[in-house]
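The next block holds one structure in the form of structure tokens; read it before the comments.
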Amino acid sequence: MDLNKATSISFYLRTGRIHIFTDAIRTIGEPSFIRFLLNQDGTSMIIEPYHTKEFQSIKVPQGIFTKTATMEFGCKPFCSLLEYTLGWNPRYSYRIPGKIMQAQHIALFDLTCAVKIENIRPTKYTSPVAKS
């Protein structure tokens, strides 16, 4: 059995939204709450189960473990912290690969391996045919 499974997390800076694959949360023990811990230099982050609702914890929605989906929630302050610490461009979203370390009940993410996902959407339609 592979105890270190691959996963990923995505940060949508413009909207302040975070997406976590449910398998990561399921594998660390199906907790009712989770929290993020960022190392001092901002190069890595873990998600760990947490025992209660506090300022630093995030409630895991009921029923999320019965389907394969993502957990999505807003956390603009944390997204802004990562943007500032890592110099991320707010025009992009970032997907970070990680490993679920089941024995330690954590998911570990290397923030230096973030992949940019461009968020540019046209604001106004322009016809390809020039008007005379």
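The values are calculated or read from the model by the stated rules, or taken from the named source; none is laboratory data. For clarity, every value in this text was computed on a predicted model and none was experimentally measured. We place every Cβ from the backbone using ideal geometry, glycine too, and count neighbours over all the protein chains shown. Just so you know, the surface numbers come from the protein's heavy atoms only, side chains and all, with ligands and any DNA or RNA stripped out. Shrake-Rupley method; radii C 1.70, N 1.55, O 1.52, S 1.80 Å.
What is region 1-71 by shape, rounded, prolate or oblate, if you read a ≥ b ≥ c off the alpha carbon gyration tensor as root eigenvalues and call it rounded for a/c under 1.5, prolate for a/b larger than b/c, and oblate otherwise? Mind dumping the intermediate values first?
Details: a/c = 1.28, a/b = 1.18, b/c = 1.08.
Rounded, since a/c falls under 1.5.
Take region 1-55 with all the other protein chains still there, run a 1.4 Å probe, and you get 54 Å² of accessible area per residue.
Of the GluC sites (Glu not before Pro) in region 35-122, the ones in a loop by DSSP (not H, G, I, E or B) with at most 16 other beta carbons within 10 Å are Glu54. The aspartates and glutamates whose alpha-carbon is closer than 13 Å to the alpha-carbon of Lys99, local same-chain residues fewer than 8 away aside, are Asp2, Asp23, Glu48, Asp110. Computed with every protein chain present, the accessible area of Val115 is close to 80 Å² [probe 1.4 Å].
For Lys116, the aspartates and glutamates whose Cα falls under 16 Å of its own Cα, not counting residues fewer than eight places away in the same chain, are Glu83.
How about region 22-118: which trypsin sites (Lys or Arg not before Pro) there are in a DSSP loop, with at most 14 other Cβ atoms within 10 Å of their Cβ?
Working: sites: Arg26, Arg35, Lys53, Lys59, Lys67, Arg91, Arg95, Lys99, Lys116; in loops: Lys53, Lys67, Arg91.
Listed in order of number, the matching sites are Lys53, Lys67, Arg91.
Under the simplified labelling scheme, the Ser32-Phe73 pair shows an inter-label distance of 1.4 nm, with each label point 7 Å from Cα along Cα→Cβ. In summary, the aspartates and glutamates within cross-link reach of Lys53, defined as a Cα separation below 19 angstrom excluding same-chain residues under 8 places away, comprise Glu30, Glu72.
Database remark: amide H of Phe73 closer than 5 angstrom to the amide H of Ile18 (H placed geometrically; neighbours at sequence offset of 5 or more, or on other chains; Pro and chain starts carry no H).
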